[in-house]
Amino acid sequence: MRFEHETLPQRVHFASGDARAAVRTEVERLGGARVMVIATARQAERAKSVTADAPVVVHHDDVAMHVPLATAERARAAAARHDADVLVCVGGGSTTGLAKAVALTSGLPIVAVPTTYAGSEATSVWGLTEGGRKTTGVDARVLPRAIVYDATLTLTLAVPMSVASGLNALAHCVDSMWAPRTDPVDQALAGEGIRALAAGLPAVVAGPSVIEGREQMLYGAYLSAVAFSSAGSGLHHKICHVLGGRFDLPHAQTHAVVLPYVLAFNAPAAPHAERRIAEAFGTGSALEGLQRLRRAVDAPTALRDYGLGEPDIDDSVPAILEAAPADNPRPVTADGVRVLLRAAWEGADPATAGVRPWSRHTGVPE
């Protein structure tokens, strides 16, 4: 066994009902005296409550999906105008992503308070969208210095959005099993993340106001993000970044739909990873485990339901081929991507429709 693994420096405060005190503590640890709070207008009152004991100088609610560059520039200008020295972001992946965009150019430290299961709070990955193209990168400056996990803040997240967000977290785990920089530590974290999310998701659907299910979801989302940040973006995330940036599709739902098709595409070429995913689900195969979970929680099923047009399939293929990891377990071809996307667009059964078995010996569909 030979590998190199880097553990990113970050504090995690996990305690339901403790967000307000924890935010104050983390801001004080950073020596913050002029806090910029980033939250959507819908999250404004919650953000004010969570940061009530912090020295806030500005509340910024100009947040958009996929972090358009113009939105990032306005947030950067606001931080400079108010001489902010700490950023506190309260919300989902778009909010955390905007805080990262500010940190990328200013170096300001971030305290992240997630209200979904996006996982962005535990990664050093940033993303910006301009002209229909989403660009991502890795930079130590954007890793939040601290995360405050308070499961009570997720209780108002509607069940359908909880499902989509949880499956987005699950996608981090699956991608981490075969991403470009994966190692045994990443795979161990991802396996435990799958187990926690597979337990938490049905619990949230069955009892949305029961805190234990929400805590399992946040725990799983954190593990998934730590694994993903180390392992890097695999084929699944490259596909979703292209679709999201190009067609402004909803982030979590896009990941939730695409995941089983990428799993069906890659699993035959990565038997060791496939077994680990299956073991985490407690099923005979990885795809069986994922599909069983998706049926139990009524997961999103088709990209056409979220704004992808049929002509967009062919339009996406060149950009996905350009972005696809060179060491993906299975060769990524134009025909393969086209078949995968069409099946995801239709919501076809990934086990039988379009995403064809593949032979490791010949490198072609069987």
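What to note about this one:
- Computed E for Glu322/Asp349 - FRET, C-beta separation, R0 35 angstrom, nearest 0.05: 0.75
- By the rule of a C-alpha distance below 16 Å, with chain neighbours fewer than 8 residues away ignored, the lysines paired with Lys238 are Lys134.
- Projecting label points 7 angstrom from Cα along Cα→Cβ for Ala302 and Ala140 puts them 4.9 nm apart.
- Derived scalar couplings ³J(HN,Hα) [the range 199-205; Karplus, 6.51 cos²θ - 1.76 cosθ + 1.60; whole Hz; x for Gly, Pro]: 7, x, 4, x, 5, 5, 5
- Note that the range 323-335 has calculated 3J(HN,Hα) couplings of 8, 4, x, 5, 9, 3, x, 10, x, 9, 10, 4, 5 Hz, one per residue in order, obtained from phi through the Karplus relation 6.51 cos²θ - 1.76 cosθ + 1.60 (θ = phi - 60°); glycine and proline are x.
- Given (1) 68, 51, 44; (2) 73, 49, 34; (3) 62, 43, 42, the label whose value is Cα extents along the principal axes in Å derived from this model: (3)
- Residue among Val339, Phe3, Ser176 farthest towards the positive dipole end of the chain, charges placed on Cβ: Phe3
- Choice from Ser176, Ser209, Ser49 with maximal GNM fluctuation in the chain (Cα, 10 Å cutoff): Ser49
- The phi torsions of the range 216-221, fed into the Karplus equation with coefficients 6.51, -1.76 and 1.60 and a -60° offset, translate into couplings of 4, 5, 5, 4, x, 5 Hz, rounded to whole numbers, with Gly and Pro shown as x.
- Amide hydrogen proximity for Arg11: with H placed 1.01 Å from N in the peptide plane, the residues at 5 or more positions away or on another chain lying under 5 Å are Ala146, Ile147.
- Dipole of the chain computed with +1 at Lys/Arg Cβ and -1 at Asp/Glu Cβ about the Cα centre; of Ala280, Ala44, Val257, farthest Cα towards the positive end is Ala44.
- The H on the amide N of Gly92, modeled in the peptide plane, is under 5 Å from the matching H of Thr115, each at least 5 residues off or on a different chain.
- The label-point distance for Glu310 and Arg2, in a model that sets each label 7 Å from Cα toward Cβ, rounds to 5.3 nm.
- Unit charges on C-beta of K, R, D, E only; dipole of the chain, Debye: 240
- Put a dot 7 Å past the Cα of Asp53, heading toward its Cβ, do the same for Arg338, and the two dots end up 6.0 nm apart.
- Order of Ile320, Ile313, Ile194 under a 10 Å beta carbon neighbour criterion, fewest first: Ile313, Ile320, Ile194
- Per-residue [θ]222 nm for the chain (sum of -39500 (n - 2.57) over DSSP H runs n ≥ 4, rounded to 500): -16500 deg cm²/dmol
A short reminder: the numbers here are calculations on the coordinates, not readings from a lab. It should be emphasised that the depicted structure is a prediction, and the values quoted were computed from it without experimental measurement. Positions of Cβ are backbone-derived with ideal geometry, glycine not excepted, and every protein chain shown enters the neighbour counts.
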